[in-house]
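Heads up: the structure comes next, in structure tokens.
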Amino acid sequence: AGEQESPPGSRFVCTSLPLDAAGAGCPLPPVPMQGGALPPEEELKATVLQLRETVLQQKETIGNQREAIRELTGKLSRCEGADGKSAWKNEVGKGKDTMGDLPRDPAQVIDQLSRTMQTLKDRLESLEHQLRANVSYAALPNDLREMLQRRLGDLERQLLSKVAELEDEKSLLHNETSAHRQKTETALNALLERVSELEKGNSAFKSPDEFKVSLPLRTNYLYGKIKKTLPELYAFTVCLWLRSSASPGIGTPFSYAVPGQANEIVLIEWGNNPIELLINDKVAQLPLFISDGKWHHICITWTTRDGMWEAFQDGEKLGTGENLAPWHPIKPGGVLILGQEQDTVGGRFDATQAFVGEMSQFNIWDRVLKAEDIMNIANCSINMPGNIIPWVDNNVDVFGGATKWPVETCEERLLDL
């Protein structure tokens with residue numbers, strides 16, 4: 001009776017909740033199992049909607065729990081106040097336990113409430129993780145996965161096809177570029193070779209044909225060689241300028257030998273014999289006189305028809321004949337030698353048959369020239385190179401001590417007659 005009662009409304013009863021109460025009081029709604037006759041896309045949509053609804057319910061429950069926590073926190077604060085402490089002591093002194101099973105340490109109550117809240121958060125995160133997992137993997141239909149794989153395969157094949165096309169275009173462009181470069185290089189090399197020939201031809205002489213070959217000794221190793229060979233001929237004209245005073249006989253100004261016939265075409269003055277023309281080893285004596293040490297212009301024509309021949313000296317026809325190797329075509333592919341008579345193709349020279357002197361303007365045509373053309377060449381009226389063998393520096397090689405020298409002009413040779 002001596003103790004004062006607390007006014008109504010100034011005392012609160014704080015009841016603690018067991019740890020498993022939070023989980024038991026907030027059950028998660030079950031997620032419906034997939035199945036039924038719905039298509040996979042519809043089932044996926046339904047599952048997502050249900051999971052979203054569950055998340056919203058959990059959020060609402062957490063909000064309610066937070067309100068309860070704030071209310072309990074406020075009550076605990078008031079219980080811990082000065083009046084609360086006195087009331088607590090009075091109730092304890094009376095032997096009454098109005099707090100039920102609430103722990104005597106208020107810090108333990110706050111810790112329990114914090115753990116309850118953390119449990120709710122963990123369950124919410126687990127639910128969200130399950131939702132993401134279900135949407136990413138379990139809820140993905142097999143048909144959708146196969147469709148995605150097919151589209152990825154198609155894209156990969158299209159990419160590989162485009163890469164192959166680009167590689168083919170690159171290879172084709174490289175081949176065209178290489179062929180064009182090779183053609184250009186070939187043309188340039190041919191041009192450079194031609195320029196080199198012209199430079200070489202002009203290095204010692206004013207013009208490629210203004211030179212003479214000098215064979216000063218009667219030996220079997222001084223000679224000149226024509227680089228080009230003859231085609232098959234049914235007629236020819238050979239013209240040359242020569243100067244010699246060798247005795248007896250000037251020797252062999254030129255010879256043409258082919259496999260099987262060393263005397264295919266030979267012009268020779270040997271010993272005390274007159275100058276002779278040999279065709280296929282057949283012989284015709286020519287009425288020419290050229291061993292006086294002066295320049296003379298000599299032309300010889302021949303045709304396989306009836307073996308007819310003509311001999312010109314200094315523009316005048318001095319002799320003609322026939323039946324010299326008639327109907328025999330001149331064989332191609334032989335060797336043409338200046339200054340030596342060949343006993344085999346390109347060799348076995350005899351010093352007694354060697355030419356001693358100088359020669360120039362050795363030309364061969366594949367036809368019988370007219371008498372007026374031969375006259376014009378001999379009197380320096382025209383310059384007419386041979387269409388089969390022209391007299392040019394780069395077509396004549398010399399061996400054994402034979403030399404090339406600048407030749408006197410055509411007019412100077414005429415004065416020498």
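Give the stretch 53-71 a look and list any residue that's among the aliphatic types (A, V, I, L, M) and open to solvent by less than 80 Å² (accessible area, probe 1.4 Å), or say none. Listed by number, the residues that qualify are Val55, Ile62, Ala68, Ile69.
Which pairs have Cβ atoms under 7 Å, sit 6 or more apart or on different chains, and link a residue in the stretch 263-292 that is at positive phi to one that is open to solvent by less than 20 Å² (accessible area, probe 1.4 Å)? Between residues of the stretch 263-292 that are at positive phi and residues that are open to solvent by less than 20 Å² (accessible area, probe 1.4 Å), the close pairs are Gly271/Gly249; Asn280/Glu264; Asn280/Ala325.
Within the stretch 185-199, can one find any residue that is surrounded by 12 or more Cβ atoms within 10 Å (Cβ to Cβ), more than 26 Å from Gln285 (Cα to Cα) and at pLDDT below 90? Yes - at least one qualifying residue is present in the stretch 185-199.
Inspect all residues belonging to the stretch 331-338 and state whether any of them is within 17 Å of Leu277 (Cβ to Cβ) and touching a Leu at 6+ places or on another chain (Cβ under 6 Å). Checking the stretch 331-338: not a single residue is within 17 Å of Leu277 (Cβ to Cβ) and touching a Leu at 6+ places or on another chain (Cβ under 6 Å).
Being crowded, with 16+ Cβ neighbours inside 10 Å, more than 21 Å from Ala311 (Cα to Cα) and in contact (Cβ under 8 Å) with a residue 40 or more places away in the chain is a description that does not apply to Val368. Being out of contact with any Phe, Trp or Tyr (no Cβ under 7 Å at 6 or more places or on another chain), open to solvent by 10 Å² or more (accessible area, probe 1.4 Å), among the basic types (Lys, Arg) and farther than 26 Å from Ile377 by Cβ is a property that holds for Lys331. Of the residues making up the stretch 371-383, those that are farther than 17 Å from Glu310 by Cβ and open to solvent by less than 70 Å² (accessible area, probe 1.4 Å) number 3. Looking at Trp295, Trp309, just one residue is in contact (Cβ under 8 Å) with a residue 60 or more places away in the chain and either exposed (fewer than 13 other Cβ atoms within 10 Å of the Cβ) or assigned by the TED database to the domain that holds Val345 (or both), and that residue is Trp295.
The values are calculated or read from the model by the stated rules, or taken from the named source; none is laboratory data. Remember, it's a predicted structure, so these values are computed and weren't measured experimentally. We place every Cβ from the backbone using ideal geometry, glycine too, and count neighbours over all the protein chains shown. Accessible surface is based on the protein model in full, side chains and every heavy atom, while ligands, DNA and RNA are left aside. Shrake-Rupley method; radii C 1.70, N 1.55, O 1.52, S 1.80 Å.
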